[in-house]
Structure formats: structure tokens, C-alpha cells
Amino acid sequence: IWLRLAQILVNQKYKDGDFLVPIHLALGHESIAVAVDEVMQEQDSLFLTHRNIHYNLIKMGTLKEELDEYYLKKIGLAQGRLGSMNLSNPDKNIKYTSSILGNNLPVGCGYALANKVKNNDGVVFIVTGDGAIEEGAFYESLLFLKSNKLPTVVIVENNEWSLGTKIDERRADIDLSKLAKSFDIEY
């Protein structure tokens, strides 16, 4: 409930023109961030997309530092350098966030491979959106992760939109359960 209320507050401030950066809310996706936060262990890592507000909020437990970042203040979560779409928080194991569609997938794969090479424990969680599953990086990353037996969880958040277009208006349906079966990965 707190995540929803925090986003409603951010949304109102955004509508009022308080921020100089674009904000991508995750209304309706709060439970995913809560679930990921609950299962992540201290040695696990999180790789996010431009829609990262709910993950940053749940990891911080407060809205102030994130708001200060959106205001581009030096006291913000990233000292006012990252804004919203690239907001990461390495201290809370949010290692990387990217505003480039599908970009966090191969970066997360590289991190998972580095963990394996260095014999580091930990699972890499990569959160992506339904738009990124239309990109080659998604398929290449799944194949790479499976081929190298890397402990990774890929989460696809589906809000049924890409910018201003509904999924069924722009592409054929992609059945993720069949896709996972074709890669012989759990779904």
C-alpha cells in the first residue's frame, strides 16, 4: 500500500510540473517489487529498466531520497546525477538500471557470468518489460544464461503497453510459457 501511495504522490508532483526528468510509474506492479525484495538474499543483485521506481522505493523504505533525486538535488539517491530512468542503488544491490530497451538483460548476464567465474554466490534478478521481449537481446540473454547455467531469475513485467500502443495493436501474442519450454528453462 505504501508503494502505491508513494507513487500517487510522485505522480501528482509530476503532473504539477515539479520534476525536470521523466518519471515512469509502476502502478499495479508494486507486489512484484515486494516479492522480489522478500526473496532476494544479501549476495543477490538486481538489474532494472527505466520503470524502476517501485524497486528503489522498496529497497530504500523511504520516499525522500528518491524525490530529491527526481528534483536533481545533490542530496538525492544518486546525488542528482541519474534522475529517474537510470536510477540504481548499488548499496541496496540494485547494480544497474538502464533506460535503453532491453539493455539491462546482457549487462545482467555479464554480471552473472562474472559471479560464476569468481565463485561468488548469489542470484542475479533481471527485471524487464513486455516491450523488451521483442528485442534480440532478450532471446540472446536467455540462451546465454541457459547455456552457461547461470543462477538468474528473469522477470517480465507486462503492463500491456509500449509507449502509447497496446500490445495487441502492434504485434502478435508471445506465449512466454512456450518460449521458456523451447529454451528448457523454468517458467
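Counting the residues of region 99-157 that are among the charged types (D, E, K, R) and either touching a His at 6+ places or on another chain (Cβ under 6 Å) or within 16 Å of R51 (Cα to Cα) (or both) gives 2.
Of all residues in region 37-51, those satisfying the criterion of being at pLDDT 95 or above, closer than 28 Å to I133 by Cα and open to solvent by 40 Å² or more (accessible area, probe 1.4 Å) are D37, E38, V39, Q41, Q43. For the residues V34, V10, the requirement of being in contact with a helix residue (DSSP H, G or I) (Cβ under 9 Å, 6 or more places away or on another chain), β-branched (V, I, T) and surrounded by 20 or more Cβ atoms within 10 Å (Cβ to Cβ) singles out V10. Filtering region 13-23 to residues that are within 23 Å of G129 (Cβ to Cβ) and surrounded by 14 or more Cβ atoms within 10 Å (Cβ to Cβ) leaves Y14, F19, V21, I23. Being β-branched (V, I, T), surrounded by 17 or more Cβ atoms within 10 Å (Cβ to Cβ) and in contact with a Gly (Cβ under 7 Å, 6 or more places away or on another chain) holds for only one residue in V154, V124, and it is V124.
Filtering region 64-85 for residues that are closer than 30 Å to K116 by Cα and in contact with a His (Cβ under 9 Å, 6 or more places away or on another chain) leaves a non-empty set. Selection of region 53-88 for residues being touching a residue at least 60 places away in the same chain (Cβ under 8 Å), open to solvent by less than 10 Å² (accessible area, probe 1.4 Å) and assigned to a loop (DSSP other than H, G, I, E, B) yields G83, S84. For region 30-52, residues that are touching a His at 6+ places or on another chain (Cβ under 6 Å) and assigned to a loop (DSSP other than H, G, I, E, B) total 2.
If only residues of region 52-93 that are under 20 Å from R4 (Cα atoms) and β-branched (V, I, T) are counted, the one that is modelled with the lowest pLDDT is T62.
Put simply, of S162, S177 the only residue that is under 23 Å from V36 (Cβ atoms), surrounded by fewer than 12 Cβ atoms within 10 Å (Cβ to Cβ) and not acidic (D, E) is S177. Of the residues L5, L27, L9, the single one that is under 21 Å from E65 (Cβ atoms), assigned to a loop (DSSP other than H, G, I, E, B) and hydrophobic (A, V, I, L, M, F, W, C) is L27.
Restricting region 96-121 to residues that are under 24 Å from G136 (Cα atoms) and β-branched (V, I, T), the residue that is surrounded by the most Cβ atoms within 10 Å (Cβ to Cβ) is T97.
The values are calculated or read from the model by the stated rules, or taken from the named source; none is laboratory data. Given the structure is predicted, the values throughout are model-derived calculations rather than measurements. Because the Cβ atoms are built from the backbone with ideal geometry, glycine has one as well, and the counts that use them run over all protein chains shown. In case anyone asks, the SASA skips ligands and DNA or RNA and just uses the protein heavy atoms, side chains included. Shrake-Rupley method; radii C 1.70, N 1.55, O 1.52, S 1.80 Å.
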